[in-house]
Amino acid sequence: MTNPFDLDVLRGWTEKQDLELAGPHRVPALASLTYARTGEPLKITIHGPDVYVGRFHPQHGPVDLLMEGLEDHELYKVSAPHARISLGDGKDWFVRPLSPSSFTYINDQLLTDTRERYPLADGDVLRLGVVPFDFKVNDIAFEAWRERQKDLLLAVEEPSLYLMRAGAVCGPHHVLNRNARVVVGRTFPDALATGQRQPNWDLSGLRDEERKHIGLRHAELWCEDDDWYILPMSPRQRTYVNRIEVTGVTPLMPGDEVGLGAVLFHFHHPSNIRASTNRRTVELPAILNWREEHARRKRAQETR
Amino acid sequence: MSWKAGARIEIGSSAWQIEEVLCGKDNEAWTFRARRDSGEIVHLWMGSHAWARDVQTVVQTSEFFGLPRVQATFEGPDETVFEVTAPPEGATPLRDSEWLKIPRQKAVHALQRLTSLLGLLHEERGWLQGVKRRELWLDPRDGSLFLMSLGRIQVTRKPAIEAAWRDMRVVGELAYEVFAQEVYPGGHQMAAILQDKSVMEGTPILFPGLPQLLAGCVSPYGDLAYVDTSDLSEGLEQIRIELERPITFVVGSASTVGNYLFRKNNQDSCGHLVANSICGSRKVSLGFFCVADGIGGIQDGERASRVAVETATQSFARAWAHYGAEYIEKWAPELARAVAKVVGQRLAVEGELRPNNNRGGTTFSGMVVCGDRLGISHVGDSRIVLIRRGELIQLTHDHTLANILIELGELTPAEALKNDVSQRTISRFLSTSAEVEYDRVDGFGIEAQVLGSALSERGLKVERGDLFILTSDGTHGEIDEEGIKALVLSHRESPQALSEALVQNAVDRMGRDNATALVVRMD
């Protein structure tokens, strides 16, 4: 049900909501996770061949499958990130648990080794923390999926930033201007920020859980001698390039993944179609293991 | 032909024995309570084919509240018999003595429904040639009236000028009786009373709106006469509005920094906004109440809770200005949550634009009341409790680590009470570092489910005498349920005194937190 109250009225200022940003995914799903619970089941579709699943934590960077719509206690047992689900050779799926302190199970079998990939079959129950998901593989050939993603990207012949969801570009994009700086962000009330320019790409229309971590003037992108750069601008919300946080001017390469808060974007550059359509495997920085940290401190104390 | 109890009606293979003649004699058609050969008791309408055609034209196409439904039709050589649904259980033929006992509000409501039934029949071009009292049945429990017979119905495109009046006059008579507590004196005398102010003065019809209604129903002629049922509905609606006595609020609030050595300032805030109006006799009272308990750096927590209360009251006022009370009454729970969402966004915007003095966050519990509907929004561990008929009902579910661990089965509720860390760790709040998602703004918590049917999608149905207490954890953390009930008993008359007593209790017990209480009594 839509809210009977227009939040613009209650706020006293108007947010520019682009409805397309919350629209359906334009690339077909390869698989899905369904949580059959009392009431409406929770279905999370996987649109990419290699996805990180879990919560978003600013220190650990964005994940592809953002766990939302769970109860507090269910979310409490989900890590950021929790697991990595990938399509090995275009046919078989695997899951790798990523967090040593929270648990992942396949059919009630605890996955113990965070460096291991475990085979995940259609119909398996994948449990993340306390939430059991039914894993379903969709009936779509990987090649067909790749073509759909390619079509979407090749429709634009200019450098642009594509919104990604669930591991694949999903449709909405912003064509970048070679001659002017582009600010990505969200509408803010002019009265509170006199003299500041509203963003060129307004992401206010994203889903609630996505826009939550988008800064008002989040990042700036520009082109210099055919090279592209990004500069984080938000004092609170973080910016990531290939899942590593960046804090100063950072060059962008074709096919790079830009993370703004919890949302991932694909930097599309027509000069390098292959980089654009073959997704690079992005490895996260080493897993944060608090026990390791604890041991290191203990050692440091002992040597002292 | 005349029909009496005990007589037998036969049409083809169907037969009934009349148990009781409910209406007939001077009508074109009869209404019976009868027994089928199978032993079943049914209600029958019986009349000429011409009459039956008119009945079918009017009532067979749709269902009307307050009128039996035709269930089966039997056509004999001279007459048609309809088996119709029985009157609702508990209803009996209207008796004056019973009708006089119906409370005014219920009676007006029943007359409004009867009027809309007449209106629907008229719309179908069915004219009743006057509604007789013995055709009406009454359910004395709620005052509902049922028209159990259509003995003289006629379908006509061009009704006589008095046709509407003939059907409507009974409404005026019944209204008179409820307000005057005596039997209607008759049309001529009523007209005489209404024509002379000095005569009217001593009569029991002076209730606002009633003389106008009686004048509309007493005669089909003249400027004041009601032309159709919509005029009559308006007259009844005016009386209904005059009878209304809306719930009003008595509010008290108190907040203190407390006396804990390490609390240098008060990071709690609370606020309320009450708007009462009477426009066109319509009385509206509308209120918004909230508490916020700031979190974070010393100045930042105080600032966050202040921004929350200011933003909440402002956005409530904007909603009131833009949507009006009637709309808010329909959507009180949604408005409460929308306000919390806007507050969360405002805090996040402040955090983004002025990061240096906005590092904190705040809990937020807000309450929208409009008419008899109440909605709440809740994020964090402040609380809203309702005291109803001496019982304490918590309306909000604390967003604490303790509750998460209880849900996971890692702590029992008893252990959680002793586990100070998990009690004090809150799992949701309105943060200055990211706006809260709409889904994570709660309404009524699981604890409120004991209210049963009083709680619906439209919110909580408020009753007079309800007492709502909004508190920060510094207040409710220092007192148990029995303690609150005892204070409520000793400060029943004054919400202000109760809020002060609740806060004083935290001070007396040297609680470790700021303490705030806002109390609203529904009068």
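Derivation of every value follows stated rules applied to the coordinates shown; laboratory data play no part. Everything numeric in this text was worked out from a predicted model, so none of it was measured. As a convention, Cβ positions derive from the backbone with ideal geometry for all residues, glycine included, and neighbour counts pool all protein chains shown.
What number comes out for the charge environment of B:D37, summing +1 per Lys or Arg and -1 per Asp or Glu over other residues with Cβ under 11 Å away?
Residues near B:D37 contribute +1 overall.
Averaged over peptide A:70-79, how many Cβ atoms belonging to another chain are found within 10 Å of each residue's Cβ?
Going residue by residue through A:70-79 and averaging, the value is 4.
Based on the Cβ-Cβ distance of B:K485 and B:A454, what FRET efficiency does E = 1/(1 + (r/R0)^6) give at R0 = 30 Å, to the nearest 0.05?
For R0 = 30 Å, the calculated efficiency reads 0.95.
Using only Cα atoms, what Kirkwood radius does chain B have, in angstroms?
27.3
Any chance you could give the angle, 0 to 90 degrees and rounded to 10, that helix A:290-303 forms with the longest Cα principal axis of chain A?
In chain A, helix A:290-303 runs at an angle near 80 degrees to the longest axis.
Can you tell me how the range A:25-137 classifies by the Cα gyration tensor, rounded, prolate or oblate, using a/c under 1.5 as the rounded cut?
Rounded shape, in that the Cα axes give a/c under 1.5.
Can you give the alpha-carbon Rg of the range B:57-192 over 2.2 N^0.38 Å, where N counts its residues?
For the range B:57-192, the normalised Cα radius of gyration comes out at 1.10.
Starting from the Cα of A:E20, step 7 Å along the direction of its Cβ; do the same at B:E244; then give the gap between the two resulting points in nm.
4.7
Take chain A, mark every one of the GluC sites (Glu not before Pro) that falls in a DSSP loop and has at most 13 other Cβ within 10 Å, then report the longest stretch left between them, sites excluded.
Counting at most 13 other Cβ atoms within 10 Å as exposed, the longest clean stretch of chain A is A:158-282.
Between A:A141 and B:S48, what is the label-point separation in nm under the 7 Å Cα-to-beta-carbon projection?
Simple spin-label model gives 8.2 nm for this pair.
Indicate, rounded to the nearest 5 percent, the antiparallel portion of the DSSP beta bridges found entirely in the range A:142-277.
Counting DSSP beta bridges with both partners in the range A:142-277, the antiparallel share is about 95 percent.
Which residues in the range B:66-98 have a backbone N closer than 19 Å to a point placed 7 Å from the Cα of B:S38 along the Cα-to-Cβ line?
Inside the label zone: B:69-75, B:81-87.
Which net charge results for the neighbourhood of B:R354, defined as the other residues with beta-carbon distances under 11 angstrom from its beta-carbon, given Lys and Arg at +1 and Asp and Glu at -1?
0
With a cut-off of at most 11 other beta carbons within 10 Å, and DSSP calling the residue loop, which GluC sites (Glu not before Pro) in the range B:70-104 qualify? Please list them.
Sparse-neighbourhood loop GluC sites (Glu not before Pro): B:E89.
Counting Lys +1, Arg +1, Asp -1, Glu -1, what net charge surrounds B:G90 among other residues with beta carbon under 12 Å of its beta carbon?
-3
Please work out the FRET efficiency for the pair B:A86 and B:K461, using the Cβ-Cβ distance as r and a Förster radius of 30 Å; give the result to the nearest 0.05.
The value I calculate is 0.45.
According to the square roots a ≥ b ≥ c of the eigenvalues of the Cα gyration tensor, what is the shape class of the range A:142-277, taking rounded for a/c under 1.5, prolate for a/b larger than b/c otherwise, and oblate for the remainder?
Note, shape of the range A:142-277 comes out prolate.
With each label point set 7 Å from Cα along the Cα-Cβ vector, what nm distance links B:Q212 and A:L192?
If labels sit at B:Q212 and A:L192, their model points lie 4.8 nm apart.
With both bridge residues required to lie in the range A:25-137, what share of the DSSP beta bridges run antiparallel, to the nearest 5%?
Of the beta bridges lying entirely in the range A:25-137, close to 95 percent run antiparallel.
Within 10 Å of each candidate Cβ there may be at most 15 other Cβ atoms; applying that plus a DSSP loop requirement, which trypsin sites (Lys or Arg not before Pro) in the range A:86-156 survive?
A:K91, A:R115
Between helix B:163-180 and chain B, what is the angle of the helix's C-alpha long axis to the longest principal axis, kept within 0 to 90° and rounded to the nearest 10?
Roughly 60 degrees, rounded to the nearest 10.
Specify the angular offset, from 0 to 90 degrees and rounded to the nearest 10, of the alpha carbon long axis of helix B:481-490 from the longest principal axis of the alpha carbons in chain B.
Relative to chain B, helix B:481-490 is tipped by roughly 70 degrees.
Taking the alpha-carbon distance from A:K91 and a cut-off under 17 Å, which lysines remain once sequence neighbours fewer than 8 residues away in the same chain are dropped?
A:K136
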